Each structure stands twice: as C-alpha cells, then as structure tokens.
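Comments concern the structure below.
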Amino acid sequence: MGGQRGAGDADSSAKGRRRAALSAFLGVGMASPPSEALLVAALAGARRAVAAHQARGLAVDEWLAGEVRLRGIRENAAVLAVLEMPGRGEETARAYRQAHPDRAGVLSGLLEVLGYQKLEG
C-alpha cells in the first residue's frame, strides 16, 4: 500500500463524494438530518414515480409541481429524480435554485457529482 492510491481508491472516493452530495441535497432545509433509511425511501419513491410516468408516456411536470409544494425531503427527492432524467437537468436546477437561493452550494455539489457542467443562476 505504501501511500500509493490505486484505481479502487479513486472509485471509492468518487462513490463517497456522490453519496455525500446526495445525502446533503436530500436533507437540505430540514430542521434535523433525516435518517439514511428515510433518505433512501424518499429517493426510491421519487424514482419509481418518475419511472411510472415515463412508462406511461406522461410528463412529470404536474407530479413534480405537487411534490415541490410539499417542501422537505419529498421535494428534494422529486427534484433529484427529475435531475437524473436526460434533458431535464438545467431547467430543473434553475427552478430549484430560484426557489431556494440559500441552497445553491448544496445544489452545485449535487450537480457536480451528477456530471453537469456549471450552470448559471
């Protein structure tokens, strides 16, 4: 090992950064940090909803608007699930940043691990 870092270390580090960014985004704006189980459940539910809409050929806009009105972890999970959709990232990120300018840093960290180029407000 001798201080050398291998490809496995880099993969592990990238996974750790991704996990930290996802957790930070999902929990942002909450009074206390939610449990990992709650984070996983909320994101899984949001991803299932997006997949169901896509499978039926439906737009996710109305569903997302309903989730965003709820605020908290469901809002964040819904936004993340839509950010993961091809072609929806920039529009969704801008709307979230406009609604929550105080969360720009957490959003930027998430966008970075999702592979987005820097987006302007």
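Derivation of every value follows stated rules applied to the coordinates shown; laboratory data play no part. Bear in mind the structure is a predicted one, so any value in this text is a computation, not a measurement. Counting neighbours? That spans all protein chains shown, and the Cβs are built from the backbone with ideal geometry, glycine included.
Taking every alpha-carbon pair in region 7-114 and binning the separations at 10 Å intervals from zero gives 15, 48, 31, 7, 0 percent.
Adding -39500 (n - 2.57) for every DSSP H run of four residues or longer, then dividing by how many residues the chain holds, sets the calculated 222 nm ellipticity at -22500 deg cm²/dmol.
Could you work out how far helix 89-99 tilts from the main Cα principal axis of the chain, as a 0 to 90 degree angle to the nearest 10? Between helix and principal axis, roughly 80 degrees. In degrees, nearest 10, range 0 to 90: what is the angle between the Cα axis of helix 36-55 and the longest Cα principal axis of the chain? Helix 36-55 sits at roughly 50 degrees to that axis.
Using the Cα centre as the reference, give the magnitude of the dipole from point charges on the C-beta atoms of the chain (Lys, Arg: +1; Asp, Glu: -1; all else neutral), rounded to the nearest 20 debye.
Numbers: 16 positive and 13 negative charges, 34 e Å.
Roughly 160 debye, rounded to the nearest 20.
Please return the longest stretch of the chain lacking exposed loop sites, where GluC sites (Glu not before Pro) count only if DSSP places them in a loop and at most 16 other Cβ atoms lie within 10 Å. Write out the running numbers ahead of the final one.
Numbers: sites that count: GLU84, GLU120.
In short, 1-83.
Of the trypsin sites (Lys or Arg not before Pro) found in region 27-68, the ones in coil according to DSSP and having at most 12 other Cβ atoms within 10 Å of their Cβ are ARG56.
If each residue of separation counts as 0.36 nm, what is the full-extension length gain between ALA99 and SER32 once their alpha-carbon separation is subtracted? Provide the component values of the computation, followed by the final result.
Working: separation 67, 0.36 × 67 = 24.12 nm, distance 2.06 nm.
Separation in residues times 0.36 nm, less the Cα-Cα distance, equals 22.1 nm.
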